[in-house]
1. List, please: which pairs have Cβ atoms under 6 Å, are six or more places apart or on different chains, and start with a residue in the stretch 121-140 that is farther than 14 Å from ARG163 by Cβ and end with one that is assigned to a helix (DSSP H, G or I)?
2. Being farther than 15 Å from VAL173 by Cα and in a helix (DSSP H, G or I) narrows it down to one of LYS112, LYS124, so name that one.
3. With the structure loaded, tell me whether SER101 is over 15 Å from ASN177 (Cβ atoms) and among the hydroxyl-bearing types (Ser, Thr, Tyr) or whether it fails that test.
4. Tell me which residues, restricted to the stretch 140-172, are of a type in the set (Asp, Glu) and in a strand (DSSP E or B).
Amino acid sequence: MMTDMKRTSVISFIIISAVSIISSLTAYAQELPAPEGYVYVDSLVYTPVASVDSTLVGKDIFRDMPSRVLGDEGTVAVEQSDLLESSMRKHIEVNPSRTLSGYRVRIFFDNKQSARHESEQTLKRFRAMYHDVAVYRTYTNPYFKVTVGDCRTKSEAMHLLARIKGNFPSAFVVKENIEYPLVDEVAAYRIDTVKVLKPVSVEF
């Protein structure tokens, strides 16, 4: 069974590969004239960073400490009970989902007839405005919900609420299980520019 860290690495590899392919096709396309009735315009592509440090995938922290024998500047030795190490491994094995208790901000919560469509539109609107914040759309009979963020503490969630409150005035903080937050909160996504075809607007 694929672990979450391996799954994340695979997803990251797929995203990076897709961006590389798009960039290659874009470079090729720029050498070709646009079809009649179309022009090439710049478009931004947002690529999220990994939620875990891929450099640690497959490594054992208990056996990967710096050592002068291996050419490192110093040696780090961990003196601990074997019970502690086995307990940590057991905890990892029984918690494969890699979720933890935390806080999110709910920006949509409704059960009216149009709730499905409105929740989808809310999710799209949020993604277009906040590329660096995770957004989740769920359904718990009879409610459609759109919740954002992965905050370890309530203060983090309150900070996020203050940031988005102007655009989502009915938002509120909720306590629930969250995904592991991004490794790099400062640069949560990378931006690249690609050329896309756009129909030429005709004025009458």
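Throughout, read-outs are computed from the coordinates displayed, never taken from laboratory work. Not measured: the values here are computed from a predicted model. Neighbour counts run over all protein chains shown; Cβ positions are idealised from the backbone, glycine included.
1. So the pair list comes out as ARG137/SER119; ARG137/LEU123.
2. Working: LYS112 fails: in a helix (DSSP H, G or I).
Going through LYS112, LYS124 in turn, just one is farther than 15 Å from VAL173 by Cα and in a helix (DSSP H, G or I): LYS124.
3. Numbers: over 15 Å from ASN177 (Cβ atoms): no; among the hydroxyl-bearing types (Ser, Thr, Tyr): yes.
It is false that SER101 is over 15 Å from ASN177 (Cβ atoms) and among the hydroxyl-bearing types (Ser, Thr, Tyr).
4. Passing the criteria: only ASP150.
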